[in-house]
């Protein structure tokens, strides 16, 4: 699909790439051992589904207000917008949307569990 008449690409980078590679390795290991259902496999399917949705609509997720964007993303990736997608098992996928004259890119920055998400955004448990 296209957004604003431009094709969309999804790129997984940085911490998200590392998390996804580790998850893929763990799932491959489970499958070699005959495990056909697990939380890891469910999470991997969830990520794959959300990536497909982002290819169709990079604004699919929940937009995070600019004043809530963690400084680490601004510093490392020069992020000016941030989006969140909820995954299975209370995991979150964080991404930014960038555009050029040629294409729109959904750049996935992080895949984190609920605790890491809360810490990253300064949320406290009561």
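The values are calculated or read from the model by the stated rules, or taken from the named source; none is laboratory data. These figures come from a predicted structure and were not determined experimentally. FYI the Cβ positions are ideal-geometry reconstructions off the backbone, even for glycines, and counts take in every protein chain you see.
Would you confirm whether or not region 67-84 contains a residue that is closer than 17 Å to residue 20 by Cα, part of a strand (DSSP E or B) and at pLDDT 95 or above?
Within region 67-84, the first condition is being closer than 17 Å to residue 20 by Cα, and the residues that meet it are 84.
Going one step further and asking which of them are part of a strand (DSSP E or B), we end up with 84.
Now drop any that are not at pLDDT 95 or above, which leaves 84.
Yes, there is a match, as at least one residue in region 67-84 is closer than 17 Å to residue 20 by Cα, part of a strand (DSSP E or B) and at pLDDT 95 or above.
Enumerate the pairs (first residue in region 28-45 and farther than 20 Å from residue 111 by Cβ; second residue anywhere and at pLDDT 95 or above and in a helix (DSSP H, G or I)) with beta-carbon separation below 7 Å, excluding pairs fewer than 6 apart on the same chain, so at least 6 apart or on different chains.
none
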